[in-house]
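Notes follow once the structure below has been shown.
What follows is calculated from the coordinates using simple rules that are stated; it is not laboratory data. This one's a predicted model, so the numbers in the text were calculated from it and none came from an experiment.
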Amino acid sequence: MYSSSFLIVAMHQKTTTILLFLLVFINTGLSYAETIIYNTAITAKPSTIDPIKSRNTHSIHIGSQVHEGLLKLDDSYNVVPAVAESWKIIQTGKAIEFVIRDNARFHNGNKIEPEDVVYSLSRIIKNEEDFLFFRSFSNILGAIDYKLAKTNHVKGIYKSGSNKVTIELNHSD
C-alpha cells in the first residue's frame, strides 16, 4: 500500500535484527545542478502529495517523486543513502546516527538541516492515524508519549551534531 515511499531498514547485530520503518520525507524538490523533468501518466488526480496523508496509489506515486527519505532502496533493493550520506548503528544497536548530505536542499534551495529531519519524523509520529503503520515507530524512545501528547517532543529523535540526527530506540530487538 505504501509502495516505494515505504523504507525498511534492516540492521543486523549478532543474532538480532531490528526493523525500523523510516518514512522520512523531506520536500527536497531535487535542487541539484541539473534540472530533471519527470513525465508520467496517471489515471486520477492525487488527493494530496503530503506523505502523511497519502493513502491511495496516485498520491503515493506523485508524492514519492517530490519527497525523499534519509535512505532509499536502489534497483536491487539494497538500502542506500538519500538525504543522509551515511548512517551507523551506535549504542550497541539502540540508536542510529544519520549524517545529512551537505548538498541536500529543499525545492527553494535552502539547506536541509538536522532540525528539519527531526521535525519531519516527529510530524509523522504525531499525525499518523494508521495504528498498524504507527507501530513501525513505536520502538523509538518517547514516540508513544509524544503521540499521546504527554510530551512536546520525541525524546529519541534529536540533532546530534551540525549535520547529524540520531534516532534512539527503546530496545534493540
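Normalising by residue count, the range 47-173 has a Cα convex hull of 133 Å³ per residue. For the range 94-173, the relative contact order comes to 41 percent (Cα pairs under 8 Å, sequence separation of at least 6). Taking amide hydrogens as placed 1.01 Å from N in the peptide plane, the amide H of ARG105 sits under 5 Å from those of SER31, ILE112, each at least 5 positions away in sequence or on another chain.
Normalised radius of gyration (Cα atoms, divided by 2.2 N^0.38 Å) for the range 96-153: 1.30.
Leaving out same-chain residues fewer than 8 places away, which lysines sit with a Cα under 16 Å from that of LYS88? Reachable lysines: LYS14, LYS72, LYS159, LYS164.
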